[in-house]
Amino acid sequence: MFFTDHELNFKGYNNRFMENKVKIKIDGLSFSYGEHPVLNNITARFSENTITAIVGPSGKGKTTFLMTLNRLWESIPEARIEGKVEIRFSDRFYNIYEPSYPLPRLRRLVGMVFQVPNPLPMSIYKNVGFPLKLAGLKDRNHISMKVETALKRAFLWEEVKDRLTDDALALSGGQQQRLCIARALILEPEILLLDEPTSSLDAGAGAVIEELLLSLKSRCTLLMVSHYLDQLKRIADTVMELSEGKFISGFAGDEKNIPPIPAAREGEK
Amino acid sequence: MNRVLEKSVTGFSWICAMVLLGTVFCIVGYLLIKGLGTINITLIFGETDPKDALFFRKQVFDGLFPAILGTFALVVLSVSFAIPIGFAAGIYMAEYCRGIVKRIFSLFFDILAGIPSIVVGLFGFSVAIFLHNYFSSRIYPCLLISALSLAFLVLPYLIRTTQVSLENLPEDIRRTAPALGATKLQNIFHVLIPRSLSGIASGVILSIGRCAEDTAVIMLTGVVATAGVPKSVFSNYEALPFYIYYISSQYSDKQKLLSGYGAAIILLVICGLLFAIAFFIKHRLTYHVLYRP
Amino acid sequence: MKLIDHSIEKFFWIAAVLSLSITVLIFGFMVILGFPLFKGGQFFELLSQPWLPDYGTYGIYHMIVGTLSIAFIGLVFAFPLSLGCSAFISVLGPKRFGQILKKTVQMMTGIPTVIYGFVGIFLLVPIIRELFEHGSGMCILSASILLAILISPTMILFFSDSFDQVPKPFLDAVDALGGNKAQKILYVILPYSLRGVITGLVLALGRAMGDTMIALMVAGNAVALPDSVLDSARTLTAHIALIIAADFESLEFKTLFACGIILYLFTTFITLSVRSFDLMPWRRK
């Protein structure tokens, strides 16, 4: 749930949502690519086990914002960051930019799903099991169990259980995206970042993914970039608009006040 | 096991990088240490006055001047042969050739590119003998034959660079002139070639380098250790790379050996310069073509 | 105007045909001039016999062994070195340092082989001689080492290009899943570029077999069959360079054409193999 101390007083906010503990704390976050500022002194809080949708004009930093949470921007030259990002793991807040915080560990706890599905050039089974390989897991039975669980959680098991050795690139777009979600889930991340997860898919495939995301709420905290008005209404607990490098408006609650999105972008893509 | 592999991969690549850099450093450093001292006018012109040598008034006996001149003449001749044919064939491949015919040509050019230089030299030698027996007994392995053979050597490279440079042009550039009524040929000469000039130019420069540095071909087709400045294309000649080889096996005294080092440095500088020019042209011209209005 | 156009276009075609015919002619000349060897059925004998002019045997078998051993051992040195360097340039090394290495490697491709031979004679050979105390130092090992240095730059650039062509989504996926650089190259980049790596390797083999100067200057040129890498050997290429001074009409000389044919066939085979890699369906995408 996003709120400044300022707005707390105004909006009289809902106790029910206070029950969800804060999972991500962001203070004074600023980000720039070389000379161009992208995020401007952002302060926000995200609650555990919620789906937060991030909307806003294209190319204005939504993806960048997601990347500040798993430090994926660090391979881009001339990118600079200021401010503090803290995430609560096992009841303690960790500053994830502390040099001593191991990057691989962060990325296992904070998973990411990309806009265009990017299965690796391997079989379905190997794709989903890949993170386990990176983590050094060797036990075949253990791996096979985890792969099955992950695929089930991603609503993909039934469709692929008989062809786990097939090339992952041969799956349909929607299946590939669910595969990527399964792959991100296998290490049981506590946060899942999704960058327009359904925008490269048709409506039917998108609907399956939406249902899937709802089912994941109980295990993860989800942050999702989206352009689809309907989608936001259906599954988001909170909607935040990122504009001019800052979050504006966006509230949770029964009213589900969706900030006005310029008509030109409705139903886009 | 995986963990061990992962950890050692990075270390291994560092070792390889160090080994390679160290090797280059050693080779170039060794040459410089041994040979830099010999670089002076005497190395090139021997006892002869440079002015006399440059105007061909007197022969140079103890210097590298004939060899340098020989290499120069060789390069000029062979590139003059190779460029027209190479360009033309490259244009043919890129613009006029399709399907199975293109595959066949491409195959043969690849085969030509793979033939060892000594075999090309042997061919050149055989051609010389053939001409000697059947046309004129005055024909022997000579500058002309060497230049021809070197031309054969770099031909596939020129063809390929021309072809690739032309083929890499984006579709919309290809369609502009024809849409305005230009013929295929006009399109090629007025639009396509100027736009691929950087790729073609760098290919030419690298071919020049190849001709300057080759030893195997010229060994079989007319280069000798002492011939002075080449009198005509039908005469024997000297060349830098051969001088270096010859010295290494036949040096009579320390001074001669040191001159070999000097020659090696000069050859290295020439090739390095050519390479740098090719690189520079490729990048500069690309900038001009893509960014200037 | 039309006639000029037509002639120019004809010229393009002629140039291409001319170039093609040179490829054929080279082989043709070898075969025709070496014909006396075929007539007597001696060609295949030649391939398996040693070179003993005093006994009238002009077999090139030992030279074939020389060529193959120097080339293969050279590759044994060059291949891991090239893989390591290209992995360094593309992924594992710090960016700045990787670029420096790449520039250095690019410059190395311009170094003439005769220079490697020259430095080899005066720098490497004495070291090998002192180190192993066997023979003169002019041997297969010295030649292989120099050859490895010769062919590595091209291989490194080739591998590096292959690595750089791995689609970015795959690299992003590994990053997002918490993989490190070593894992990235071992589990994704290398398997994906396998075909490119093999192509580079085969091309380097062709280059190694065709080199003359290094073998000529540093391998010793003895005609006896080498027993170990510390023995002197002669390659087909060096043999051609050495025997060229012989009488053109003699049988001795004719064997040079046999050498030429063998070399031509070796390298053509390599060219064909590399081309067939492109036609094989190794990957679906």
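Read-outs: derived from the displayed coordinates by stated rules, not from any lab. This one's a predicted model, so the numbers in the text were calculated from it and none came from an experiment. A quick note on method: Cβ atoms are made from the backbone with ideal geometry, for glycine too, and the neighbour counts reach across all protein chains shown.
Annotations
- Comparing B:202, B:146, B:106 in a Gaussian network model of chain B (Cα springs below 10 Å), the most mobile by mean-square fluctuation is B:106.
- GNM flexibility winner over chain B from B:157, B:251, B:243 (Cα, springs under 10 Å): B:251
- Separation of the alpha carbons by more than 23 angstrom is noted, of A:62/A:133; C:102/C:181; B:231/B:254; B:102/C:2, for A:62/A:133; B:231/B:254; B:102/C:2.
- Coordinate range along principal axes, alpha carbons of the protein assembly as shown, Å, largest first: 108, 74, 58
- The value of relative contact order for region B:1-156, using C-alpha pairs under 8 Å at least six residues apart, is 21 percent.
- Nitroxide proxy distance, nm - points 7 Å out along Cα→Cβ at residue C:68 and residue B:172: 5.6
- Within the protein assembly as shown, percent of DSSP bridges classed antiparallel, to nearest 5: 60
- Per-residue packing, averaged as other Cβ atoms within 10 Å, sorts the ranges A:77-88, C:81-92 into the order C:81-92, A:77-88, beginning with the highest.
- Shielding of peptide C:62-75 by partners, expressed as the average count of other chain Cβ atoms within 10 Å per residue Cβ, is 0.
- Dipole of the protein assembly as shown, positive direction: furthest Cα of C:108, C:194, A:184, with charges on the beta-carbon: A:184
- Rounded, prolate or oblate (a/c below 1.5 giving rounded, otherwise prolate when a/b exceeds b/c) for region C:60-240 by Cα gyration tensor: prolate
- Region A:26-152, dipole about Cα centre (Lys/Arg Cβ +1, Asp/Glu Cβ -1), debye to the nearest 20: 540
- Annotation: for a label point projected 7 angstrom from Cα along Cα→Cβ of residue C:4, residues of region B:185-203 with backbone N closer than 19 Å are B:185-194.
- For residue A:84, the lysines whose Cα comes closer than 16 Å to its Cα, not counting residues fewer than 8 places off in the same chain, are A:23, A:25, A:246.
- Three-way shape call for chain B based on the alpha-carbon gyration tensor, with the a/c threshold at 1.5: oblate
- Computed about the Cα centre, the dipole magnitude for region A:5-265 is approximately 640 debye when only Lys and Arg (+1) and Asp and Glu (-1) carry charge, each at its Cβ.
- By the rule of a C-alpha distance below 20 Å, with chain neighbours fewer than 8 residues away ignored, the aspartates and glutamates paired with residue C:103 are C:161, C:164.
- With Cα atoms as the point set, region B:1-147 shows a radius of gyration and Dmax of 24.5, 74 Å.
- Computing FRET efficiency as 1/(1 + (r/R0)^6) for residue B:184 and residue C:31, where r is the C-beta to C-beta distance and R0 is 45 Å, gives about 0.70.
- Most mobile of B:177, B:147, B:88 in a GNM of chain B (Cα contacts under 10 Å): B:177
- Within a straight-line Cα-Cα reach of under 12 Å, residue A:161 can be paired with the following aspartates and glutamates, leaving aside sequence neighbours fewer than 8 residues apart in one chain: A:148.
- Environment charge of residue A:125, counting only residues whose C-beta is closer than 13 Å and scoring Lys/Arg +1, Asp/Glu -1: +3
- The C-alpha atoms of chain C define a longest principal axis, and helix C:251-279 lies at about 20 degrees to it.
- Computed about the Cα centre, the dipole magnitude for chain C is approximately 1300 debye when only Lys and Arg (+1) and Asp and Glu (-1) carry charge, each at its Cβ.
- Sum of side-chain charges, residue C:103 neighbourhood, beta-carbon under 14 Å (Lys, Arg +1; Asp, Glu -1): +4
- Lys/Arg +1, Asp/Glu -1 at C-beta; region C:60-240 dipole; positive extreme among C:141, C:185, C:224: C:185
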